[in-house]
Amino acid sequence: MPVRRFPDPRSATVDGIVAIGGDLEPETLQCAYAQGIFPWPVAGLPLLWFSPPERGVLDFAELHIPRSLARARRRCGYRLTIDAAFSSVIRACASTPRPGQLGTWITPEIIVAYERLHALGIAHSVEAWADDRLVGGIYGVDAGGAFAGESMFYRAPDASKIALLHLVEHLAARGLDWLDIQVLTPHMARLGARAMPRDAFLARLAATRRRGLRLFGPN
């Protein structure tokens, strides 16, 4: 049976592990994201579920767009879409090398699970195109009116950053004012993201979910 309840994420280990094992059924994933928990497969171990002690968040009011990025955005000519090629985006994210990482946490099982979420209207992607070639993108999960960014990739200069900016503009237009980026990276910090203590993040997630925002589809 799918797991539909998780331990309180405040009970996580020092490394942020909330639970071990379980499945990747849509109901399980929805339950996890609603509680600020996400899966992170580690080779050779049962499925791990995390809620890290500090969470990366991007407040839209604090978004910093460097002049070089703003200029690239104006001149790039990329065509930007939403949910036009989810499977291609998640597969490209899985195959993109990451500095300091061996392999990827986006396993074939994760890909199948999130494709199912996408088919249910829960996982979403933004794509950047150069003519008809997919050159960048980002995907993530609608956590009941909050949004958790999962991963992004690029195959042309600034394509992933420009896709991210398109996602932010879309979410802001739907009333959302922040983005869960899970783990703070130097790249995201340069765009204005910051780390938030777990308790503060969980309170913010709960408050945002209570707003009942409809982030995708018809308003």
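The values are calculated or read from the model by the stated rules, or taken from the named source; none is laboratory data. Small disclaimer: the values here were computed from a predicted structure and weren't measured. Neighbour counts are summed over all protein chains in view; Cβ atoms, including those assigned to glycine, are modelled from backbone coordinates with ideal geometry. Surface accessibility is based on the protein's heavy atoms, side chains included, excluding ligands, DNA and RNA. Shrake-Rupley method; radii C 1.70, N 1.55, O 1.52, S 1.80 Å.
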Log entry, pairs with first residue in the range 74-85 being without any contact (Cβ under 8 Å) to a residue 24 or more places away in the chain, second being of a type in the set (Val, Ile, Thr), beta carbons closer than 6 Å, six or more apart or on different chains, reads none
The condition from (1) of a type in the set (Asp, Glu); (2) farther than 25 Å from Glu25 by Cα; (3) open to solvent by 10 Å² or more (accessible area, probe 1.4 Å) that Glu150 misses is numbered (2)
Being open to solvent by less than 40 Å² (accessible area, probe 1.4 Å) and outside any helix (DSSP H, G or I) is the filter here, so list the residues in the range 196-216 that pass it. Met196, Leu213, Leu215, Phe216
Residues that are among the basic types (Lys, Arg), loosely packed, with under 15 Cβ neighbours inside 10 Å and out of contact with any strand residue (DSSP E or B) (no Cβ under 7 Å at 6 or more places or on another chain): does the range 75-86 have at least one? yes
Residue in the range 67-80 that is touching a His at 6+ places or on another chain (Cβ under 9 Å) and aliphatic (A, V, I, L, M) present: yes
Residues of the range 31-64 satisfying the condition of being in a helix (DSSP H, G or I) and either of a type in the set (Asp, Glu) or in contact with a helix residue (DSSP H, G or I) (Cβ under 8 Å, 6 or more places away or on another chain) (or both): Ala34, Phe60, Glu62
Residue check, Phe6 against (1) part of a loop (DSSP other than H, G, I, E, B); (2) at pLDDT 95 or above; (3) farther than 24 Å from Thr104 by Cα, all met but one. Which one? (2)
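Name the residues in the range 125-137 that are in contact with a helix residue (DSSP H, G or I) (Cβ under 7 Å, 6 or more places away or on another chain) and open to solvent by 10 Å² or more (accessible area, probe 1.4 Å), would you? Show your work before the answer.
So in the range 125-137, the residues in contact with a helix residue (DSSP H, G or I) (Cβ under 7 Å, 6 or more places away or on another chain) come out as 125-128, 134-137.
Selection gives Leu134 alone.
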Has the range 65-87 got any residue that is basic (Lys, Arg) and within 19 Å of the chain's Cα centre (by Cα)? no
Here the residues within the range 1-42 that are open to solvent by less than 60 Å² (accessible area, probe 1.4 Å), under 14 Å from Leu202 (Cα atoms) and of a type in the set (Ser, Thr, Tyr) are Tyr33
Counting only residues that are within 21 Å of His64 (Cβ to Cβ), modelled with pLDDT under 95 and not polar (S, T, N, Q), give me the helices (runs of 4 or more DSSP H) lying completely in the range 76-194 with at least 1 of them. 186-190
Test result for Arg55, open to solvent by less than 60 Å² (accessible area, probe 1.4 Å), charged (D, E, K, R) and within 15 Å of Arg198 (Cβ to Cβ): yes
Residue hits (the range 129-172; among the aromatic types (Phe, Trp, Tyr) and more than 15 Å from the chain's Cα centre (by Cα)) are Trp129, Tyr154
